[in-house]
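**Student:** Please see the structure below; I have some questions.
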Amino acid sequence: MNTFKYSNTNKRYHTLDYFYKNKFHSKISKISLNAGFSCPNIDGTVGYGGCIYCSKSGSGEFGGKIEDSLEEQFNKIKKVMDKKWKDAKYIAYFQARTNTYAKTEKLKKIYEKVLTFDNVIGINIATRPDSISDNCLEYLEELNKKTFLTIELGLQTINEKTSILINRCHTLECFEKMVKRIREKNINVVVHIINGLPYENKEDMLNTIKYLNNLDIQGIKIHMLSIIKDTSLEKLYKKEKFHILTKEEYIDIVINQLELLRPEIVIHRITGDPDPKELIEPNWLIKKFCVLNDIDKEMVKRNTYQGAKI
């Protein structure tokens, strides 16, 4: 019998589905939207070329098409979702590139628009810690009073050497300061990390988790490094053939990471979800549900839980 506090299934970690059902008493689905934002790490404001793993879509593979209006994007995806979950409510997820990288007036028009869409109860905004202006932060505080707002920040790693290699172009200090400023506004923060970055070892990945466990964050997304076609990462991999984590190595690291996280931190994602047509490596990532099931089985085998080693 599973006795983990934040689960109503066989999961031994704090799932997003559990969190949403307890908060909203309803099935919640995210709808990824593409509002056509750019990125300061592409246009030269802070850097050029973007992070080396970033695809042409800017991590927006599952979002709508930019030629469609936000309402058209939303309704197309909602139509599919409604077949699975008839009475679901929705969170509009601005996923592609840097979604606060514009003047506040433009942001207001975009965000306020989606709040008028059918059954939208929240907004998730993926962005960079160096791309939230003072005016933007003040507006986000207002927005948080109107809807369930979550800001998603890409950290990936605390290893500065790796940060330079992946061309992240913001510092750990910048990230930490922005987390604190967002939390001062009582806005939820979700942090993205990537396991298997070039030349990182297990200790590096666990150190990133230990660091985050001591920050005031509400959620985390754990990704496995995906080598995607036509990225700088693909060129680096072909040139240097750095080690790619096996599925078994990944599962072991993820479980060790979960054991080091406070149980109340919500696990929004626990593996990657790449487009199979664009994926170079690792091929085992294509079978997402096999990875998820194997994590569950191994946690049962080890009789362990999220937070077990704090």
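**Student:** Please go through segment 257-294 and pick out each residue that is over 19 Å from the mean Cα position of the chain (by Cα) and assigned to a helix (DSSP H, G or I).
**Tutor:** Answer for segment 257-294, where residues must be over 19 Å from the mean Cα position of the chain (by Cα) and assigned to a helix (DSSP H, G or I): E259, N283, W284, C290, N293, D294.
**Student:** For K86, work out the one condition from (1) over 29 Å from L206 (Cα atoms); (2) in a loop (DSSP other than H, G, I, E, B); (3) within 22 Å of the chain's Cα centre (by Cα) it doesn't fulfil.
**Tutor:** All conditions are met except number (3).
**Student:** Being surrounded by 13 or more Cβ atoms within 10 Å (Cβ to Cβ), touching a Leu at 6+ places or on another chain (Cβ under 6 Å) and under 25 Å from V191 (Cα atoms) narrows it down to one of I52, I28, I110, so name that one.
**Tutor:** Only one candidate qualifies: I52.
**Student:** Which numbered condition in (1) within 24 Å of Y199 (Cα to Cα); (2) modelled with pLDDT of 95 or more; (3) touching a Ser or Thr at 6+ places or on another chain (Cβ under 9 Å); (4) in a loop (DSSP other than H, G, I, E, B) is the only one that I222 fails?
**Tutor:** The one condition I222 does not meet is (4).
**Student:** Would you confirm whether any residue within segment 121-141 is crowded, with 18+ Cβ neighbours inside 10 Å, at positive phi and in a loop (DSSP other than H, G, I, E, B)?
**Tutor:** Looking through segment 121-141, none of the residues is crowded, with 18+ Cβ neighbours inside 10 Å, at positive phi and in a loop (DSSP other than H, G, I, E, B).
**Student:** Inside segment 156-217, counting only helices (runs of 4 or more DSSP H) that do not spill past its ends, which hold 3 or more residues that are under 19 Å from G272 (Cβ atoms)?
**Tutor:** Once the helices (runs of 4 or more DSSP H) in segment 156-217 are filtered for at least 3 residues that are under 19 Å from G272 (Cβ atoms), what remains is 202-213.
**Student:** Can we say Y20 is modelled with pLDDT of 95 or more and either aromatic (F, W, Y) or not in a loop (DSSP other than H, G, I, E, B) (or both)?
**Tutor:** yes
**Student:** What is the residue count in segment 295-310 for residues that are in a helix (DSSP H, G or I), in contact (Cβ under 8 Å) with a residue 60 or more places away in the chain and either within 13 Å of I222 (Cβ to Cβ) or touching a Lys or Arg at 6+ places or on another chain (Cβ under 6 Å) (or both)?
**Tutor:** Here the count works out to 1.
**Student:** Now for a different question. Across segment 31-47, which residue is farthest from R302 (Cα to Cα) among those that are of a type in the set (S, T, N, Q) and either surrounded by fewer than 18 Cβ atoms within 10 Å (Cβ to Cβ) or touching a strand residue (DSSP E or B) at 6+ places or on another chain (Cβ under 6 Å) (or both)?
**Tutor:** Here the answer is T45.
**Student:** Another question, then. Restricting segment 253-310 to residues that are touching a Ser or Thr at 6+ places or on another chain (Cβ under 7 Å) and of a type in the set (D, E), which is nearest to I125 (Cα to Cα)?
**Tutor:** For segment 253-310, the residue satisfying everything is E278.
**Student:** Step by step: first the residues of segment 28-56, then only those that are touching a residue at least 24 places away in the same chain (Cβ under 8 Å) and assigned to a strand (DSSP E or B), then the one that is farthest from E67 (Cα to Cα). Which residue is that?
**Tutor:** Across segment 28-56, the extreme among qualifying residues is I28.
**Student:** Return the residue satisfying two criteria in turn: it lies in segment 171-189 and is touching a helix residue (DSSP H, G or I) at 6+ places or on another chain (Cβ under 8 Å), touching a residue at least 12 places away in the same chain (Cβ under 8 Å) and within 23 Å of L225 (Cα to Cα), and of such residues it is surrounded by the most Cβ atoms within 10 Å (Cβ to Cβ).
**Tutor:** Here the residue is V189.
**Student:** Hey, among K103, K86, K79, which residue is charged (D, E, K, R), surrounded by fewer than 16 Cβ atoms within 10 Å (Cβ to Cβ) and either at pLDDT below 90 or touching an Asp or Glu at 6+ places or on another chain (Cβ under 7 Å) (or both)?
**Tutor:** K86
The values are calculated or read from the model by the stated rules, or taken from the named source; none is laboratory data. It should be emphasised that the depicted structure is a prediction, and the values quoted were computed from it without experimental measurement. Counting neighbours? That spans all protein chains shown, and the Cβs are built from the backbone with ideal geometry, glycine included.
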